[in-house]
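The values are calculated or read from the model by the stated rules, or taken from the named source; none is laboratory data. Computed from a predicted structure; not experimentally measured. Virtual Cβ from ideal backbone geometry, glycine too; neighbours counted across all protein chains shown. These area figures cover heavy atoms from the full protein model, side chains too; ligands, DNA and RNA do not enter into them. Shrake-Rupley method; radii C 1.70, N 1.55, O 1.52, S 1.80 Å.
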Amino acid sequence: ALVELVSQLPEDEVRTRSFLEVGCGLALPSLALARRGASIVATDCHPEVPTFLRRNLARNGLSPGALTY
C-alpha cells in the first residue's frame, strides 16, 4: 500500500523533498521513490538489510548510490 501511495505522488513533490523510511526491511517504498529520482534515507537495524538492499537495488537497475542507508 505504501509503494502505491508514493508512486502516486506528483513528480515535483518527489524530486523536491527528502524522504526517510524507518524500518525499511526490503525497502520497497524507498526503491519506488529512488526510481523516480527522490532523495532518500532508508534505515533499519536488522543485520541482513544492507545485503537485501544491495540486491534489490541491482535487481531494479539502480546504482548503489540511488539512496542512503
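Please work out if C24 is assigned to a loop (DSSP other than H, G, I, E, B) and either charged (D, E, K, R) or open to solvent by less than 80 Å² (accessible area, probe 1.4 Å) (or both). In short, yes. Only one entry of D44, D12 meets the criterion of being acidic (D, E) and open to solvent by less than 60 Å² (accessible area, probe 1.4 Å), and that entry is D44. Contact annotation: residue pairs with Cβ atoms under 8 Å, 6 or more positions apart or on different chains, pairing a residue in segment 1-15 that is closer than 10 Å to A32 by Cβ with a partner that is modelled with pLDDT of 90 or more and open to solvent by 60 Å² or more (accessible area, probe 1.4 Å), are L2/L28; V3/L28. Please verify whether L62 is without any contact (Cβ under 8 Å) to a residue 40 or more places away in the chain, surrounded by 14 or more Cβ atoms within 10 Å (Cβ to Cβ) and either among the hydroxyl-bearing types (S, T, Y) or not in a helix (DSSP H, G or I) (or both), treating the condition exactly as stated. Spelling it out, L62 is indeed without any contact (Cβ under 8 Å) to a residue 40 or more places away in the chain, surrounded by 14 or more Cβ atoms within 10 Å (Cβ to Cβ) and either among the hydroxyl-bearing types (S, T, Y) or not in a helix (DSSP H, G or I) (or both).
If the condition is being touching a Cys at 6+ places or on another chain (Cβ under 9 Å) and of a type outside the set (A, V, I, L, M), then segment 20-45 contributes G23, S30, T43, D44.
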